[in-house]
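Taking it in order: structure first as structure tokens, then the write-up.
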Amino acid sequence: MSHPKTPHVVDARYMEPPEPFVKTMEMLDTLKEGEKMLLLLFREPHPLYRVLKQNGHAYEVELVADGTFEILIWP
Amino acid sequence: MKALLSFDKAPPFAAPLRFFLTAPFFGLLAGLLIVWEGPSLLVSRWTPGALAATHLLTIGFMLQTMLGALIQILPVVAGINLANPLRVARWLHGGLSSGALLLVAGFLFGQPDALASAAIVLGLTLASFLMVIMPPLLRARSSSPTVRGLKLAMLGLAGTVVLGVVLALALAWGWPLPLIALADLHAAWGLGAWGGVLLAAIAYVVVPMFQLTPGYQARLSWWLPVLIFACIGFWSVSLIFELPLLGQAAQVVASLLGLVFCVITLRLQFKRRRARADATYRYWQLGLSCAIIALFSALTVVLWSTVANSNEWPLLFGILLVAGGFISFIVGMLYKIVPFLAWLHLQNLGQSKVPAPAMNKILGEKAMHRQMLCHLLAIALALGAVFSPDWLARPAGLALVVANAFLIWNLAGAVIRYRQHALVIAQKLAVL
């Protein structure tokens with residue numbers, strides 16, 4: 001799945017915890033320098049935010065009309 | 001990477017568990033009270049027995065589980081970590097349980113000292129809780145409708161507590177206040193500004209997460225808690241300045257907003273991706289159906305004052321919204337949260353070397369479903385008892401006792417199995 005923001009997308013909207021977390025960390029491991037990834041969820045993943053901050057990753061969040069949180073993450 | 005899954009910030013299992021395991025005992029006490037008092041309890045909502053049973057369910061069951069769950073899920077839904085969740089849980093649980101029992105004793109035995117003590121214990125406990133939770137919550141950015149909803153819900157809790165304390169002290173010390181109007185307002189704050197807003201804020205997260213449904217539309221989820229809160233605010237203003245039309249308009253809009261939330265949640269559930277209907281899903285369907293009937297009836301009685309002023313309607317509304325609605329939502333969530341937390345803590349205990357058992361090994365689907373049928377029977381009998389108290393009041397109380405005893409059995413069984421698995425995991429780790 002691709003998205004206008006980035007081709008690296010984890011669509012976790014219909015996944016049960018902790019799968020969104022696991023998939024996101026797996027994709028982050030595969031990103032090359034300068035690449036960004038997008039996580040799609042119907043909630044804000046606060047435990048993931050904490051881990052991203054601990055690991056020095058940056059992210060920005062946008063809530064779109066259908067209730068999806070688009071979380072753009074980069075190393 | 002797996003080490004990152006340790007969720008080291010999650011509160012200890014003992015923090016929320018004490019609330020979850022105590023709540024059904026209050027439900028059981030409510031049932032015993034109905035069996036003991038029998039038909040006279042249902043003469044009106046103002047009988048000492050009805051007031052006592054209502055508060056056994058609203059403080060003893062609902063508030064207990066809502067605050068216990070909140071301590072657990074604040075880090076997940078709002079990124080807020082309390083400094084010492086176990087210590088907060090201990091005094092909050094003690095204050096809530098003893099305060100609820102004092103209040104019930106005050107109502108039942110007409111004891112002013114018990115009523116005043118209950119007001120002081122509950123007032124101080126909940127004010128302390130709000131002082132612990134409000135600073136970090138207000139500092140958190142309202143980055144999602146859930147965080148904004150939680151902030152409003154806490155204000156709703158504060159309003160409910162202030163009104164409740166004033167009412168209990170007024171009853172105890174004979175203050176000349178319009179008790180009936182204030183009690184209506186206390187109920188509106190408790191069930192709308194606190195319970196309703198909290199339910200919506202949490203549902204935005206847990207309905208898509210637990211039941212694999214689509215999400216709530218962003219615009220609606222931003223505004224719904226604000227509008228419900230505003231309606232309760234206008235309702236309060238209408239009482240202070242004696243503006244009955246404004247009060248009626250606020251009641252109509254608040255009921256409509258509640259209906260919108262219930263209908264949208266039902267629609268989302270019909271679009272879920274999880275094929276199997278589990279206990280949480282069924283409990284939510286029951287809760288939504290009861291809440292829709294209750295809110296629809298609240299809409300109609302605004303225009304039909306003879307029904308509103310009858311003894312039956314407030315009892316029916318209370319049974320449908322509290323026992324049928326809120327308690328169904330809560331038990332449905334407990335059946336997801338307790339096995340999930342047990343699994344999570346076992347997973348951490350296994351340190352990625354020994355796997356945790358599947359959640360259905362901790363609490364089986366069949367047991368949850370059977371318990372739900374008892375709960376459904378209790379609601380049906382309680383509704384029938386409003387019209388035929390001589391025949392049905394005691395059977396309704398008995399059904400409530402059975403439903404809550406079954407809930408205790410299920411939850412305690414899950415905890416016992418959790419402890420057994422924890423022992424096995426510790427033994428396996430020792431030989432690795």
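The values are calculated or read from the model by the stated rules, or taken from the named source; none is laboratory data. Here the structure is a predicted model, which is why all the values come from computation and not from measurement. Here the Cβ is made from the backbone with ideal geometry for all residues, glycine too, and neighbour counts use every protein chain on show. Keep in mind that these areas ignore ligands, DNA and RNA; they rest on the heavy atoms of the full protein, side chains included. Shrake-Rupley method; radii C 1.70, N 1.55, O 1.52, S 1.80 Å.
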Discussion item. Can you confirm whether B:Ala275 is out of contact with any Asp or Glu (no Cβ under 9 Å at 6 or more places or on another chain), in a helix (DSSP H, G or I) and small (Gly, Ala, Ser)?
Written reply: no
Item to complete: Please verify whether segment B:187-201 includes one or more residues that are assigned to a helix (DSSP H, G or I) and closer than 14 Å to A:Phe42 by Cα.
Response: yes
Fill in: Which numbered condition B:Gln347 misses (of (1) in a helix (DSSP H, G or I); (2) free of Cβ contacts under 8 Å to residues at least 40 places away in the same chain; (3) open to solvent by 40 Å² or more (accessible area, probe 1.4 Å); (4) not β-branched (Val, Ile, Thr))
(2)
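Results for (1) touching a residue at least 40 places away in the same chain (Cβ under 8 Å); (2) open to solvent by 20 Å² or more (accessible area, probe 1.4 Å); (3) in a helix (DSSP H, G or I), shown as yes or no for each residue.
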residue: B:Ser255; (1), (2), (3): yes, no, yes
residue: B:Leu286; (1), (2), (3): yes, yes, yes
residue: B:Ser289; (1), (2), (3): no, yes, yes
residue: B:Ser297; (1), (2), (3): no, yes, yes
residue: B:Leu341; (1), (2), (3): yes, no, yes
Worksheet item: Which one of these is open to solvent by less than 30 Å² (accessible area, probe 1.4 Å), away from chain A (no Cβ under 14 Å) and of a type outside the set (D, E, K, R): B:Leu227, B:Leu130, B:Leu191?
Response: B:Leu130
Worksheet, complete the sentence: Of the listed residues (B:Ile59, B:Ile71, B:Ile80), the one being surrounded by fewer than 21 Cβ atoms within 10 Å (Cβ to Cβ) and either touching a residue at least 40 places away in the same chain (Cβ under 8 Å) or over 21 Å from B:Ile133 (Cα atoms) (or both) is B:Ile80
Worksheet item: Hey, among the residues in segment B:214-224 that are touching a residue at least 60 places away in the same chain (Cβ under 8 Å) and within 8 Å of chain A (Cβ to nearest Cβ), which one's nearest to B:Leu155 (Cα to Cα)?
Response: B:Ser221
Item to complete: Looking at (1) in a helix (DSSP H, G or I); (2) more than 30 Å from B:Leu33 (Cβ to Cβ); (3) of a type in the set (Gly, Ala, Ser), find the lone condition where B:Ser98 falls short.
Response: (2)
Worksheet item: How many of the residues making up segment B:299-326 are open to solvent by 20 Å² or more (accessible area, probe 1.4 Å) and either assigned to a loop (DSSP other than H, G, I, E, B) or without any contact (Cβ under 8 Å) to a residue 40 or more places away in the chain (or both)?
Response: 12
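Yes/no per residue for (1) out of contact with any strand residue (DSSP E or B) (no Cβ under 7 Å at 6 or more places or on another chain); (2) away from chain A (no Cβ under 14 Å); (3) more than 21 Å from B:Leu29 (Cβ to Cβ); (4) not basic (Lys, Arg):
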| position | (1), (2), (3), (4) |
| --- | --- |
| B:Trp91 | yes, yes, yes, yes |
| B:Leu101 | yes, yes, no, yes |
| B:Leu150 | yes, no, yes, yes |
| B:Leu157 | yes, yes, yes, yes |
Item to complete: Kindly list the number of the only condition in (1) of a type in the set (A, V, I, L, M); (2) assigned to a loop (DSSP other than H, G, I, E, B); (3) within 14 Å of another protein chain (Cβ to nearest Cβ) that fails for B:Val207.
Response: (2)
Item to complete: Could you look through segment A:12-57, keep only residues that are surrounded by fewer than 19 Cβ atoms within 10 Å (Cβ to Cβ), of a type in the set (S, T, N, Q) and outside any loop (DSSP other than H, G, I, E, B), and pick out the one that is nearest to the other protein chains (Cβ to nearest Cβ)?
Response: A:Gln54
Worksheet item: Are any of the residues in segment B:388-396 free of Cβ contacts under 8 Å to residues at least 40 places away in the same chain, in contact with a Phe, Trp or Tyr (Cβ under 7 Å, 6 or more places away or on another chain) and not acidic (Asp, Glu)?
Response: no
Fill in: Residues satisfying the stated conditions in segment B:351-364, i.e. surrounded by 13 or more Cβ atoms within 10 Å (Cβ to Cβ) and either touching a residue at least 24 places away in the same chain (Cβ under 8 Å) or touching a helix residue (DSSP H, G or I) at 6+ places or on another chain (Cβ under 6 Å) (or both)
B:Gln351, B:Val354, B:Ala356, B:Pro357, B:Met359, B:Lys361, B:Ile362, B:Leu363
Worksheet entry | Hey, B:Ala183 within 14 Å of chain A (Cβ to nearest Cβ) and crowded, with 17+ Cβ neighbours inside 10 Å or not | no
Worksheet item: Which of (1) open to solvent by 10 Å² or more (accessible area, probe 1.4 Å); (2) modelled with pLDDT of 95 or more is the odd one out, the single condition B:Arg141 does not satisfy?
Response: (2)
Worksheet item: Looking at this structure, is B:Ser221 in a helix (DSSP H, G or I), among the hydroxyl-bearing types (Ser, Thr, Tyr) and within 21 Å of the chain's Cα centre (by Cα)?
Response: yes
Worksheet item: How many residues does segment B:375-428 contain that are crowded, with 22+ Cβ neighbours inside 10 Å and not in a helix (DSSP H, G or I)?
Response: 0
Practice prompt. Confirm whether A:Leu39 is under 11 Å from the mean Cα position of the chain (by Cα) and on the phi < 0 side of the Ramachandran plot.
Written response: yes
Worksheet entry | Residue pairs meeting the criteria (Cβ under 8 Å; at least 6 apart or on separate chains; first without any contact (Cβ under 8 Å) to a residue 24 or more places away in the chain, in segment A:22-38; second assigned to a loop (DSSP other than H, G, I, E, B) and surrounded by fewer than 17 Cβ atoms within 10 Å (Cβ to Cβ)) | A:Val22/B:Met1; A:Glu26/B:Met1; A:Asp29/B:Met1
Worksheet, complete the sentence: All conditions in (1) more than 24 Å from B:Val77 (Cα to Cα); (2) surrounded by fewer than 17 Cβ atoms within 10 Å (Cβ to Cβ); (3) not aliphatic (A, V, I, L, M) are true of B:Arg274 except (1)
Discussion item. Any residue in segment A:58-74 that is at the interface with chain B (Cβ under 10 Å from one of its Cβ atoms) sitting within a Cβ distance under 6 Å of a residue that is of a type outside the set (Gly, Ala, Ser) and open to solvent by 40 Å² or more (accessible area, probe 1.4 Å)? List the pairs, counting only those 6 or more apart or interchain.
Written reply: A:Gly67/B:Gln217; A:Phe69/A:Val61; A:Phe69/A:Leu63
